[in-house]
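I have placed the structure first, in the form of structure tokens, so that the comments after it can refer back to it.
The values are calculated or read from the model by the stated rules, or taken from the named source; none is laboratory data. Remember, predicted model here, so these are calculated numbers, not experimental data. Because the Cβ atoms are built from the backbone with ideal geometry, glycine has one as well, and the counts that use them run over all protein chains shown. Side chains included, ligands, DNA and RNA excluded: accessible areas come from the protein's heavy atoms. Shrake-Rupley method; radii C 1.70, N 1.55, O 1.52, S 1.80 Å.
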Amino acid sequence: MDTVILITIIIVFMGLAFDFINGFHDIANAVATSISTRALKPRVAIGLAAIMNFLGAISFTGVAESLTKSIVDPFSLNNGEFVVLCGLIAAVIWNLMTWLVGMPSSSSHALIGAIAGASIASASSFSVLNWSGFTTIIIALIVSPIIGFTVGYLIYSLFKNLFHDKKLGKMNRRFRFIQIGTAAMQAYWHGTNDAQKTMGIITLALVASGLLQESAGIPFWVQLSCAASMAIGSSVGGYRIIKTVGTKIMKITPVTGVASDLSSLTVIMTATLIHLPVSTTQVIDSSIMGVGTANHKKEVNWRTGKNMVVTWFITLPLAGLLAAVVYWIAAAIFL
């Protein structure tokens with residue numbers, strides 16, 4: 001079998017493995033609030049999220065098409081398919097490491113940082129990056145959690161003004177039912193953004209290997225396989241991270257759960273519609289912190305929040321460094 005084709009097949013396999021891990025790594029963010037308030041039983045919530053993730057992933061391709069062109073020019077890379085493979089391996093390793101310790105790090109940061117790191121190591125130069133597109137992605141990743149926090153703060157402040165004269169117990173019972181819908185929509189929009197990142201990377205590899213024309217867009221088989229892989233991963237569930245997101249940031253009630261869900265799905269939906277990849281992990285967790293701050297800032301466990309923020313900031317550069325190391329080792333052995 002031709003070496004290029006073999007490497008491309010391995011890339012597709014690793015990409016689907018990344019989406020599978022991303023599914024159970026990030027599913028916590030979509031369902032943690034509904035599980036913590038007992039609006040949904042864990043298995044029901046995870047099953048619902050898996051279905052909605054799949055539907056979201058097959059609904060859009062704009063983010064994937066944007067990502068294909070935004071990090072690097074595939075034709076500027078020597079052994080481009082090999083570079084993509086090393087990046088995917090590093091991203092998978094990083095996701096598994098953070099999952100094992102129950103820390104909701106950003107899979108988006110890991111993937112984008114790893115592809116950039118492997119590309120830089122291959123070219124021995126930062127000039128290989130498409131700085132215009134790469135800068136836009138980084139800005140979106142940085143700004144989106146700030147927007148998530150702000151929208152969460154504003155939505156819960158609105159809720160307090162609208163429902164201040166209502167009995168909290170009665171409102172919580174009503175909002176527990178609403179949470180089912182907001183959790184489902186949050187999982188749907190998670191699928192529209194997160195699954196597309198791997199679609200874009202697999203398409204990048206196909207273009208770099210000469211197996212696909214750059215103007216061809218995202219092949220449907222890539223879209224379908226990535227959607228299915230993430231849905232299957234979602235069905236496994238990431239209970240370690242569910243515990244962190246659902247209980248260790250703040251005590252979540254049905255009202256605060258609905259507010260945080262509405263905040264995060266609004267930001268993710270907007271990003272998807274304008275074809276920008278964002279970290280759903282960051283957006284969802286920052287929305288929870290924004291809601292908690294609007295409710296009572298002392299209710300937020302800022303130590304957990306601080307650990308999350310630190311993990312968010314170190315993920316992209318460390319995933320990039322890890323990918324560079326993977327590339328150097330693999331190149332020394334195989335190239």
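General observations
- Across the chain, Cα pairs under 8 Å and at least six residues apart give a relative contact order of 38 percent.
- Over 25 Å between alpha carbons, listed pairs LYS41/LYS297; LYS41/LYS170; LYS160/LYS297; LYS170/LYS251; LYS197/LYS251: LYS41/LYS297; LYS197/LYS251
- Simple spin-label estimate for PHE75 and ARG43 in nanometres, 7 Å along Cα-Cβ: 5.3
- Size of electric dipole in the chain: Cβ of Lys, Arg +1 and of Asp, Glu -1, about Cα centre, debye, nearest 20: 2000
- Compared with the direct C-alpha span, the chain from LEU100 to ALA216 gains 37.9 nm at full extension, assuming 0.36 nm per residue.
- Placed amide H near ASN301: partners under 5 Å, 5+ positions off or other chain: MET250
- With every protein chain in place, the chain: carbon and sulfur % of accessible area (1.4 Å): 69
- Whether the chain is rounded, prolate or oblate, judged on the alpha carbon gyration tensor where a/c under 1.5 counts as rounded: prolate
- Scalar couplings 3J(HN,Hα) for the range 178-192, obtained by applying the Karplus form with A = 6.51, B = -1.76, C = 1.60 to θ = phi - 60°, are 4, 4, 4, x, 5, 5, 5, 5, 5, 5, 4, 6, 4, x, 5 Hz; x denotes Gly and Pro.
- Heavy atoms of HIS164 accessible to a 1.4 Å probe, total area in Å² rounded to 10: 140
- Accessible surface, per residue, of the chain when the full set of protein chains is kept, probe 1.4 Å, Å²: 41
- Extreme residue, positive dipole direction of the range 1-328, given options TRP189, LEU48, LEU16 (C-beta unit charges): LEU48
- Surface accessible to a 1.4 Å probe, VAL12 within the full protein complex, Å²: 20
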